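Step one of this worksheet: look at the structure below.
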Amino acid sequence: MTSTSRRTFWILAITLLLTLGVMVLLASLAPLEKDLGAKVRVVYFHGAWVWAGKAAFGLAAISGLLGLLRLRGDWPAWSLALGRAGLTFWLTYLPMSLWVMQLNWGGLFLDEPRWRIPFAFGVAGLLLQIALAIFNSPWLTGLGNLAFGVALWMVLGGLQNILHPDSPIFSSDSNRIQLFFIGLVGLALLAGALITLLWRRAGKKPG
(Lines give C-alpha, C1' and ligand atoms only; values in the text may rest on other atoms or scores of the structure.)
Protein backbone atom coordinates (compact mmCIF):
# COMPACT_ATOMS: atom_id res chain seq x y z
CA MET A 1 0.00 0.00 0.00
CA THR A 2 1.44 3.35 -1.02
CA SER A 3 1.56 6.36 1.29
CA THR A 4 -1.26 7.98 -0.71
CA SER A 5 -3.41 4.86 -0.37
CA ARG A 6 -2.76 4.68 3.36
CA ARG A 7 -3.63 8.35 3.75
CA THR A 8 -6.87 7.88 1.79
CA PHE A 9 -7.76 4.83 3.88
CA TRP A 10 -7.29 6.70 7.14
CA ILE A 11 -9.25 9.71 5.88
CA LEU A 12 -12.17 7.44 4.99
CA ALA A 13 -11.94 5.48 8.24
CA ILE A 14 -11.74 8.57 10.46
CA THR A 15 -14.60 10.25 8.57
CA LEU A 16 -16.67 7.10 9.05
CA LEU A 17 -15.99 7.07 12.79
CA LEU A 18 -16.90 10.76 13.05
CA THR A 19 -20.12 10.14 11.11
CA LEU A 20 -21.08 7.29 13.45
CA GLY A 21 -20.28 9.50 16.43
CA VAL A 22 -22.55 12.26 15.13
CA MET A 23 -25.29 9.65 14.56
CA VAL A 24 -25.06 8.50 18.17
CA LEU A 25 -25.07 12.11 19.39
CA LEU A 26 -28.08 13.03 17.23
CA ALA A 27 -29.98 9.94 18.40
CA SER A 28 -29.23 10.81 22.05
CA LEU A 29 -30.68 14.30 21.52
CA ALA A 30 -33.77 13.15 19.62
CA PRO A 31 -37.18 13.98 21.10
CA LEU A 32 -38.86 11.40 23.33
CA GLU A 33 -42.04 9.53 22.48
CA LYS A 34 -44.95 9.34 24.92
CA ASP A 35 -45.18 5.52 25.00
CA LEU A 36 -41.54 4.44 24.57
CA GLY A 37 -39.90 7.38 26.29
CA ALA A 38 -36.09 7.40 25.95
CA LYS A 39 -36.17 3.91 24.42
CA VAL A 40 -37.36 5.44 21.17
CA ARG A 41 -33.87 6.83 20.59
CA VAL A 42 -32.57 3.32 19.99
CA VAL A 43 -35.46 2.79 17.58
CA TYR A 44 -34.39 5.91 15.64
CA PHE A 45 -30.85 4.60 15.21
CA HIS A 46 -32.03 1.08 14.43
CA GLY A 47 -34.47 2.28 11.77
CA ALA A 48 -31.90 4.48 10.05
CA TRP A 49 -29.40 1.60 10.06
CA VAL A 50 -31.92 -0.71 8.38
CA TRP A 51 -32.69 1.81 5.63
CA ALA A 52 -29.00 2.32 4.90
CA GLY A 53 -28.58 -1.43 4.50
CA LYS A 54 -31.58 -1.67 2.20
CA ALA A 55 -30.27 1.24 0.14
CA ALA A 56 -26.85 -0.42 -0.23
CA PHE A 57 -28.40 -3.70 -1.35
CA GLY A 58 -30.66 -1.85 -3.78
CA LEU A 59 -27.73 0.04 -5.29
CA ALA A 60 -25.74 -3.21 -5.47
CA ALA A 61 -28.59 -4.69 -7.49
CA ILE A 62 -28.71 -1.68 -9.84
CA SER A 63 -24.93 -1.74 -10.30
CA GLY A 64 -25.11 -5.47 -10.95
CA LEU A 65 -27.74 -4.93 -13.62
CA LEU A 66 -25.65 -2.22 -15.28
CA GLY A 67 -22.71 -4.60 -15.28
CA LEU A 68 -24.79 -7.34 -16.89
CA LEU A 69 -25.87 -4.88 -19.58
CA ARG A 70 -22.16 -4.27 -20.26
CA LEU A 71 -22.47 -0.52 -19.90
CA ARG A 72 -19.32 1.52 -19.49
CA GLY A 73 -17.93 1.73 -16.00
CA ASP A 74 -16.61 -0.65 -13.38
CA TRP A 75 -20.12 -1.67 -12.35
CA PRO A 76 -19.38 -5.25 -11.15
CA ALA A 77 -16.71 -3.94 -8.77
CA TRP A 78 -19.08 -1.30 -7.42
CA SER A 79 -21.83 -3.92 -7.11
CA LEU A 80 -19.48 -6.09 -5.07
CA ALA A 81 -18.49 -3.19 -2.78
CA LEU A 82 -22.11 -2.09 -2.31
CA GLY A 83 -23.22 -5.65 -1.59
CA ARG A 84 -20.52 -5.96 1.07
CA ALA A 85 -21.53 -2.59 2.53
CA GLY A 86 -25.15 -3.73 2.68
CA LEU A 87 -24.08 -6.92 4.43
CA THR A 88 -22.03 -4.88 6.92
CA PHE A 89 -25.17 -2.96 7.87
CA TRP A 90 -27.30 -6.09 7.93
CA LEU A 91 -25.05 -8.19 10.15
CA THR A 92 -24.81 -5.35 12.66
CA TYR A 93 -28.53 -4.57 12.41
CA LEU A 94 -29.57 -8.08 13.49
CA PRO A 95 -28.09 -7.99 17.02
CA MET A 96 -29.34 -4.41 17.28
CA SER A 97 -32.84 -5.75 16.59
CA LEU A 98 -32.54 -8.15 19.53
CA TRP A 99 -31.57 -5.23 21.76
CA VAL A 100 -34.55 -3.19 20.54
CA MET A 101 -36.87 -6.16 21.20
CA GLN A 102 -35.54 -6.58 24.71
CA LEU A 103 -35.87 -2.88 25.50
CA ASN A 104 -39.33 -2.32 24.08
CA TRP A 105 -41.05 -5.70 24.36
CA GLY A 106 -39.42 -6.96 27.55
CA GLY A 107 -38.11 -10.10 25.85
CA LEU A 108 -37.18 -11.72 22.56
CA PHE A 109 -39.88 -12.77 20.09
CA LEU A 110 -37.89 -14.56 17.42
CA ASP A 111 -40.97 -15.60 15.44
CA GLU A 112 -41.64 -11.93 14.57
CA PRO A 113 -41.49 -11.72 10.74
CA ARG A 114 -39.49 -8.48 10.97
CA TRP A 115 -36.76 -10.50 12.71
CA ARG A 116 -37.08 -13.98 11.21
CA ILE A 117 -37.04 -12.94 7.53
CA PRO A 118 -34.21 -10.37 7.83
CA PHE A 119 -32.19 -13.00 9.73
CA ALA A 120 -32.67 -15.44 6.84
CA PHE A 121 -31.56 -12.73 4.41
CA GLY A 122 -28.52 -12.05 6.60
CA VAL A 123 -27.43 -15.69 6.41
CA ALA A 124 -28.15 -15.85 2.66
CA GLY A 125 -26.34 -12.55 2.06
CA LEU A 126 -23.26 -13.73 3.95
CA LEU A 127 -23.13 -16.99 1.97
CA LEU A 128 -23.65 -15.05 -1.28
CA GLN A 129 -20.80 -12.62 -0.62
CA ILE A 130 -18.47 -15.47 0.34
CA ALA A 131 -19.36 -17.27 -2.89
CA LEU A 132 -18.85 -14.12 -4.98
CA ALA A 133 -15.42 -13.60 -3.41
CA ILE A 134 -14.44 -17.21 -4.14
CA PHE A 135 -15.60 -17.30 -7.76
CA ASN A 136 -14.45 -13.72 -8.48
CA SER A 137 -16.62 -13.45 -11.60
CA PRO A 138 -18.03 -10.07 -12.70
CA TRP A 139 -20.97 -11.80 -14.36
CA LEU A 140 -21.85 -13.82 -11.24
CA THR A 141 -21.39 -10.75 -9.05
CA GLY A 142 -23.87 -8.77 -11.09
CA LEU A 143 -26.41 -11.59 -11.28
CA GLY A 144 -26.10 -12.55 -7.62
CA ASN A 145 -26.44 -9.03 -6.24
CA LEU A 146 -29.28 -8.23 -8.64
CA ALA A 147 -31.26 -11.29 -7.57
CA PHE A 148 -30.55 -10.75 -3.88
CA GLY A 149 -31.40 -7.03 -3.90
CA VAL A 150 -34.67 -7.53 -5.77
CA ALA A 151 -35.68 -10.42 -3.50
CA LEU A 152 -34.87 -8.48 -0.33
CA TRP A 153 -36.84 -5.39 -1.33
CA MET A 154 -39.84 -7.41 -2.56
CA VAL A 155 -40.05 -9.74 0.44
CA LEU A 156 -39.50 -7.06 3.08
CA GLY A 157 -42.03 -4.82 1.40
CA GLY A 158 -44.73 -7.47 1.81
CA LEU A 159 -44.03 -8.58 5.39
CA GLN A 160 -46.83 -8.79 7.91
CA ASN A 161 -46.11 -7.65 11.47
CA ILE A 162 -47.08 -9.29 14.76
CA LEU A 163 -45.58 -7.11 17.49
CA HIS A 164 -43.53 -4.81 15.28
CA PRO A 165 -45.41 -1.56 14.49
CA ASP A 166 -45.89 -0.68 10.82
CA SER A 167 -44.10 2.66 10.93
CA PRO A 168 -43.31 3.90 14.45
CA ILE A 169 -41.63 7.06 13.14
CA PHE A 170 -43.84 8.24 10.30
CA SER A 171 -47.04 7.26 12.09
CA SER A 172 -46.07 9.80 14.75
CA ASP A 173 -47.72 13.22 14.76
CA SER A 174 -44.46 14.88 15.78
CA ASN A 175 -42.62 16.69 13.00
CA ARG A 176 -39.54 16.88 15.24
CA ILE A 177 -39.40 13.10 15.56
CA GLN A 178 -39.65 12.71 11.80
CA LEU A 179 -37.00 15.36 11.12
CA PHE A 180 -34.57 13.77 13.56
CA PHE A 181 -35.13 10.41 11.93
CA ILE A 182 -34.57 11.83 8.43
CA GLY A 183 -31.32 13.37 9.69
CA LEU A 184 -30.22 10.00 11.06
CA VAL A 185 -31.06 8.30 7.75
CA GLY A 186 -28.96 10.89 5.92
CA LEU A 187 -26.00 10.23 8.22
CA ALA A 188 -26.46 6.47 7.86
CA LEU A 189 -26.41 6.82 4.07
CA LEU A 190 -23.20 8.85 4.36
CA ALA A 191 -21.74 6.08 6.51
CA GLY A 192 -22.86 3.61 3.85
CA ALA A 193 -21.04 5.58 1.15
CA LEU A 194 -17.86 5.59 3.24
CA ILE A 195 -18.12 1.86 3.97
CA THR A 196 -18.65 1.20 0.26
CA LEU A 197 -15.53 3.20 -0.61
CA LEU A 198 -13.53 1.24 1.96
CA TRP A 199 -14.76 -2.06 0.51
CA ARG A 200 -14.06 -0.77 -3.00
CA ARG A 201 -10.50 0.03 -2.06
CA ALA A 202 -10.10 -3.35 -0.37
CA GLY A 203 -11.23 -5.05 -3.60
CA LYS A 204 -8.74 -3.25 -5.84
CA LYS A 205 -5.76 -5.24 -7.00
CA PRO A 206 -2.40 -3.76 -5.98
CA GLY A 207 -0.19 -2.26 -8.62
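If the condition is being open to solvent by 50 Å² or more (accessible area, probe 1.4 Å) and either modelled with pLDDT of 90 or more or of a type in the set (A, V, I, L, M) (or both), then region 162-192 contributes 162, 163, 179, 182, 189, 190.
With the structure loaded, tell me whether residue 124 is surrounded by fewer than 19 Cβ atoms within 10 Å (Cβ to Cβ) and modelled with pLDDT of 95 or more or whether it fails that test. Don't jump to the end; show me each part of the working.
Working: surrounded by fewer than 19 Cβ atoms within 10 Å (Cβ to Cβ): yes; modelled with pLDDT of 95 or more: yes.
Here the answer is yes, as residue 124 does meet what is asked.
Residues to consider are 80, 103; find the one that is open to solvent by 20 Å² or more (accessible area, probe 1.4 Å), touching a residue at least 24 places away in the same chain (Cβ under 8 Å) and touching a Leu at 6+ places or on another chain (Cβ under 7 Å). Answer to the check: 80.
For (1) of a type in the set (Val, Ile, Thr); (2) without any contact (Cβ under 8 Å) to a residue 24 or more places away in the chain; (3) in a helix (DSSP H, G or I), each residue gets a yes or a no:
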residue	(1), (2), (3)
85	no, no, yes
88	yes, no, yes
97	no, no, yes
128	no, no, yes
134	yes, yes, yes
142	no, no, yes
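Considering only region 39-75, how many residues are farther than 26 Å from residue 182 by Cα, of a type outside the set (Asp, Glu) and surrounded by fewer than 24 Cβ atoms within 10 Å (Cβ to Cβ)?
Filtering region 39-75 for residues farther than 26 Å from residue 182 by Cα gives 64-75.
Within this subset, residues satisfying the condition of being of a type outside the set (Asp, Glu) are 64-73, 75.
Then drop every residue that is not surrounded by fewer than 24 Cβ atoms within 10 Å (Cβ to Cβ), which leaves 65-66, 68-73, 75.
The qualifying residues number 9.
The values are calculated or read from the model by the stated rules, or taken from the named source; none is laboratory data. Please read these numbers as outputs of a predicted model, since none were measured by experiment. Please note: Cβ atoms are built from the backbone with ideal geometry, for glycine as well, and neighbour counts cover all protein chains shown. For accessibility, only protein heavy atoms count, side chains too; no ligands or nucleic acids. Shrake-Rupley method; radii C 1.70, N 1.55, O 1.52, S 1.80 Å.
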